[in-house]
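These notes concern the structure reproduced below.
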Amino acid sequence: MTDEISAGHGVLVQAALNGGTTRADHAAVPLTPEELAAQARAAAEAGAGALHLHPRDASGAQTLDPGYVLAAVAATRAATGLPVGVTTGIWTVDGDVALRLSLVARWTGPDRPDYASINMNEPGTGELADLLTSLGIEIEAGVWTAEDARLLGAAAFRTRILRVLMEPEDRVPAAAVATAAQAAGELARLGVQARQVHHGYALATWAVMRAAVAMGQDIRVGLEDTTVLPDGSAAEGNGDLVTAAVRVARGS
């Protein structure tokens, strides 16, 4: 996998370019491969060292269809040279575990993702992890809660993950920080030693990231997670969100 670039003091800033955020939420949310490439370039220039995206189909819906996934990965990788990861969220296939496996099985060739996230609270994680490994795609384990941390600790693929994606859903900053800390504590207790990338949602993500940097962990930001800067003002796009996150990573 392409070497990841740290934002400073050994902290990786991953840019989550779109997620499920809609154009109604923010006008700059990238949907097409070309739009993703442009936002990826801005994030890379601001200091991002890795990318995470949710490929969209022609209607703008999230999809795991290989035609859309491979095109999105190819465009963003060509624009930046950075490692590119994608979602495997079960919502993209309306909860159909078998359909998810059949689509992911076709993520092959030079445009396959460098890594993919698996949410520990979803069904079929073991089979999905084995499939990704067989395809040469690394795994980010999505942990939302302490219970998710325990699921990862019990998973057969726990030693094969690239990193933990720590993502508390609480919108209240103090609650989000507490949830992440509890989950991180469980991972430590269970001996899961992979590095963690922490993020939150809305304004809470900035508090989560500051706490993560204090713990010596990595961070994530982007229009998937928040449309606002640390002072609550609207972000123009992924580039200025990453710029702000780099400042967090550097302790400034």
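Scale the Cα Rg of the chain by the rule-of-thumb value 2.2 N^0.38 Å and send over the ratio, two decimals.
Working: Rg = 16.5 Å, N = 252, 2.2 N^0.38 = 18.0 Å.
Normalised by 2.2 N^0.38 Å, the Cα Rg of the chain equals 0.92.
Of all DSSP bridge pairs formed entirely within the chain, close to 15 percent run antiparallel.
Computed from backbone phi, the HN-Hα couplings of the stretch 60-68 come to x, 7, 5, 8, 9, 4, x, x, 6 Hz, rounded to whole numbers (Karplus: 6.51 cos²θ - 1.76 cosθ + 1.60, θ = phi - 60°; Gly and Pro given as x). Amide H contacts of residue 138 (H built 1.01 Å from N, in plane; Pro and chain starts excluded): 115, 116 sit under 5 Å, all sequence-distant by 5 or more or on other chains.
Between residue 18 and 54, 224, the built amide H atoms are under 5 Å apart, and every one of these is 5 or more places off in sequence or on another chain. If you take the Cα centroid of the stretch 189-237 and the Cα centroid of the stretch 72-135, the two points sit 22 Å apart.
The residues of the chain present an accessible area of 38 Å² per residue when probed at 1.4 Å with all protein chains retained.
For the stretch 103-113, the Karplus equation 6.51 cos²θ - 1.76 cosθ + 1.60, evaluated at θ = phi - 60°, returns couplings of 6, 4, 4, 9, 7, 10, x, x, 9, 5, x Hz by residue, with Gly and Pro reported as x. Scalar couplings 3J(HN,Hα) for the stretch 41-56, obtained by applying the Karplus form with A = 6.51, B = -1.76, C = 1.60 to θ = phi - 60°, are 4, 4, 5, 5, 5, 7, x, 5, x, 7, 10, 9, 8, 10, x, 10 Hz; x denotes Gly and Pro.
How would you rank 119-131, 220-232, 190-202, highest first, on the average number of other Cβ atoms within 10 Å across their residues?
Working: 119-131: 17.6, 220-232: 21.2, 190-202: 19.4.
Answer by packing, highest mean first, reads 220-232, 190-202, 119-131.
Of the heavy-atom accessible surface of the chain (probe 1.4 angstrom), what whole percent is carbon and sulfur?
Roughly 53 percent, rounded to a whole number.
Between residue 133 and residue 236, take the C-beta separation as r, use R0 = 51 Å, and let me know the FRET efficiency to the nearest 0.05. Don't skip to the answer; put the middle values down first.
Details: r = 38 Å, r/R0 = 0.75.
Given R0 = 51 Å and the Cβ-Cβ separation, E is 0.85.
Amide hydrogen proximity for residue 198: with H placed 1.01 Å from N in the peptide plane, the residues at 5 or more positions away or on another chain lying under 5 Å are 166, 218, 219, 220.
The values are calculated or read from the model by the stated rules, or taken from the named source; none is laboratory data. All values derive from a computational prediction rather than experimental measurement. FYI the Cβ positions are ideal-geometry reconstructions off the backbone, even for glycines, and counts take in every protein chain you see. Ligands, DNA and RNA are stripped out before the accessible areas are found, and what is left, the full protein with its side chains, is counted by its heavy atoms. Shrake-Rupley method; radii C 1.70, N 1.55, O 1.52, S 1.80 Å.
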